[in-house]
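Computed from the coordinates by the stated procedures, all read-outs in this text should not be read as laboratory data. Since we're looking at a predicted model, the values are computed, not measured. For neighbour counting, all protein chains shown are included, and Cβ atoms are generated from backbone atoms with ideal geometry for every residue, glycine included.
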Amino acid sequence: MSSHNFTETHLAKFREICGNNNVVTKPELMSAHLTDWRKRYSGNAIAILFPENTSQIVAIIKYCQHQKVAITPQGGNTSTCGAATPLANHTAPQIIINLARMNKVIEVDRVNSSVTIEAGCTLQMVQEIAASHNLYFPLTLASQGTCQIGGNLATNAGGTQVLKYGMMRDLTLGLEVVLPNGNIMQNNHKLRKNNTYLDLKQIFIGSEGTLGIITRATLKLFPLPVNYLTFMLPVEKLVTALTLLEKLKHYYLNNVSAFEIIKDDSQKLYNQQFPDAKLPFTANWLLLAELEINADFNLDNFISLLESIGINPDDVLIASNDKQRRDLWLIREHIPLAEKAYGYAVKHDISLPLGKIEEFLATSMPKLRKIEADGYFSIFGHLGDGNLHYNFGKKGASLTDTEALEEQVSQIVYQDVINFGGSIAAEHGIGIAKKQWFKKYTPVENLELLQTLKKQLDPLNLFNPSKIL
Ligand code: FAD
Ligand code: S2G
Ligand code: ZN
């Protein structure tokens, strides 16, 4: 049979399983799903499937196993490392399975402080559902309107509230996963304690679509914060910010919920791309931090804490109402958008022990400057977690320029990160973008164990083939 007929046979089967209107083949409807958010990677697929329930996914996967059709699971397609993009001219036929039509909220259990949802719910939907029950789901990403909980789980997403609430891994109680052999891994409980041997859900959190499809989850909910103290502060040296962080954590314990920084070059890009939304001030670093506070918060104590480490309270911009608080957060959320609007950059999502960050920057920046004298350093991110988005761009570089730069720059950055005991992938995952560096810097024993696990679960290598490993 010709490959065209094979395709027609596959499509007919997929339509039979999940209905005509849930099998998309029109190029104009497929295109947005075939390239990544940064427009760095693109691939092809014979169709995009939007199954409506777990049993349809089981039937699709069993058929794909039998016919050796590769599968790229997809959520909101906001991956920044090409993890949700099918490969270009892959030998076997491939499909995308997008969970968008599996977006039911199954249960909000107030007493248990948990919510059970289908994986296709967007992060924003879960945040809103929690708030409607006067509860809080703390995962906060600038992509929250689009990204799905399934993708957040498969990438173990982080974001701006990790400092207090942890990453997706820490926010999850239970998971339902359809395995590559079509079996359903039942682990979708709502218990905070369930110590029955290995915690299977943790194998799939961060698996980036390579070990099966996450179809349901039960997530932790938290008390809705009563109020916030949100402030922006210009700092010359990161050590000032880190000293402040230590003081705040000591005094306010676990209520320091966000601690973000923005470097001067990122501020310039922001001012250039969003001229009418001017920054309140510019400095070597801008710190945007937030405390969760309640009625007994005393502003004078906060001011004297600042003064105790030599910070002039007049330099601090404190949000006096919710609108000002939102405006400060919008600045932070728009930094990646400003970068994207400006052009391509060699991007890194790295983490380091907090005490090593300044030394790392002092070591790596001069080397990069040597490669590209007028390159810009757009550095921003989650300082409280030691997680920097460390992006190096050449003014107005094209994609090919950037790709040429990438090899040299990333080699320097990642080697220095490793030398300082850091990670080359703090929260975004590996995908395609970091595959070579992941292989280079992961101990061979670990790689062998990961490959054994992958081969056991997906012997035909049909799930997100050629990503990560
Ligand atoms: P997709 O991009 O669709 O897929 C991501 C990976 O998950 C792929 O490997 C895919 O195969 C797999 N996958 C998707 N759904 C499933 C499923 N149901 N079962 C199994 N595998 C699945 N990330 C952070 O961690 N912190 C941030 O602060 C942050 N900020 C961002 C800001 C912007 C503006 C953008 C564009 C992205 C940002 N991201 C951030 C990256 C991205 O939003 C996250 O990685 C997010 O979790 C991806 O979710 P998604 O639904 O878009 O997944
Ligand atoms: C963030 C966004 C993705 C990027 O805003 O914290 O994770 O552009 C990033 O690096
Ligand atoms: Zn981030």
Handout entry: Euclidean distance of C-alpha centroids, region 147-184 and region 342-356, integer Å
Key = 23
Completion exercise
Relative contact order as a percentage, region 17-70, C-alpha pairs under 8 Å and 6+ apart, gives 40
Problem - C-alpha long axis of helix 238-252 to longest principal axis of the chain, angle in ° - result: 90
Fill in the blank from the handout: If one compares the long axis through the Cα atoms of helix 123-132 with the longest principal axis of the Cα atoms of the chain, the angle in degrees, nearest 10, works out at 70
Handout entry: Convex hull volume of the chain per residue (C-alpha atoms, cubic angstrom)
Key = 156
Exercise for the section: Compute the relative contact order of region 105-223 as a whole-number percentage, counting only Cα pairs closer than 8 Å that sit 6 or more residues apart in sequence. Expected result: 33
Fill in the blank from the handout: Normalised Cα Rg of region 105-223, dividing by 2.2 N^0.38 Å with N its residue count, works out at 0.98
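Pull out the extension gain between Gln456 and Glu358, defined as 0.36 nm times the separation in residues minus the alpha carbon to alpha carbon distance; nm, one decimal.
31.0 nm
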Problem - With 5 Å bins from 0: P(r) over region 227-419, alpha-carbon pairs, percent - result: 1, 7, 16, 19, 19, 15, 11, 7, 4, 1, 0, 0
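Which of the pairs Lys164/Lys220; Lys347/Lys367; Lys263/Lys340; Lys13/Lys62; Lys201/Lys435 have their Cα atoms more than 18 Å apart in this structure?
From Lys164/Lys220; Lys347/Lys367; Lys263/Lys340; Lys13/Lys62; Lys201/Lys435, over 18 Å: Lys201/Lys435.
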Practice task
Note down the nm distance, to one decimal, between modelled labels 7 Å out along Cα→Cβ at Lys237 and at Asn134.
Solution key: 4.8
Completion exercise
A student applying the Cα gyration tensor rule (rounded when a/c is under 1.5; otherwise prolate if a/b is larger than b/c, oblate if not) would label region 142-193 oblate
Completion exercise
The answer for Ala47, listing residues at least 5 apart or on another chain whose modeled amide H is closer than 5 Å to its amide H, is Ile96
Practice task
Specify the angular offset, from 0 to 90 degrees and rounded to the nearest 10, of the alpha carbon long axis of helix 444-457 from the longest principal axis of the alpha carbons in the chain.
Solution key: 40
Completion exercise
So the FRET efficiency between Ser31 and Ser308, C-beta based with R0 = 56 Å and rounded to 0.05, is 0.50
Exercise for the section: Pairs of Cα atoms under 8 Å, at least six residues apart: use those to get the relative contact order of the chain, whole percent. Expected result: 15
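Express the Stokes-Einstein translational diffusion coefficient of region 240-318 in µm² s⁻¹, to the nearest whole number, given a Kirkwood radius over alpha-carbon pairs, 20 °C and a viscosity of 1.002 mPa s. Mind showing how you got there, number by number?
Values: Rh = 14.0 Å.
For these conditions, the coefficient is 153 µm²/s.
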Completion exercise
Per 10 angstrom bin, beginning at 0 and ending with the bin that holds the maximum distance, the Cα pairs of region 319-469 fall in percents of 10, 33, 32, 18, 6, 1
Problem - Semi-axes of the equivalent ellipsoid for region 380-469, Cα gyration tensor, largest first, Å - result: 27, 17, 12
Completion exercise
Expressed in nanometres to one decimal, the distance between label points 7 Å along Cα→Cβ at Val444 and Leu198 is 2.4
Practice task
Quickly work out the Asp322-to-Asp374 label distance, labels modelled 7 Å from Cα along the C-beta direction, and quote it in nm with one decimal.
Solution key: 4.6
Completion exercise
Asserting the computed 222 nm helical MRE of the chain (DSSP H runs at least 4 long, -39500 (n - 2.57) per run, divided by residue count, to nearest 500) equals -11000 deg cm²/dmol
Problem - Lys367/Lys340 FRET efficiency (R0 25 Å; Cβ-Cβ; nearest 0.05) - result: 0.50
Completion exercise
With +1 at each Lys and Arg Cβ and -1 at each Asp and Glu Cβ, the charge dipole magnitude of region 227-419 around its Cα centre, to the nearest 20 debye, comes out at 260
Completion exercise
Rounded to the nearest Å, the spacing of the alpha-carbon centers of region 434-458 and region 242-310 is 39
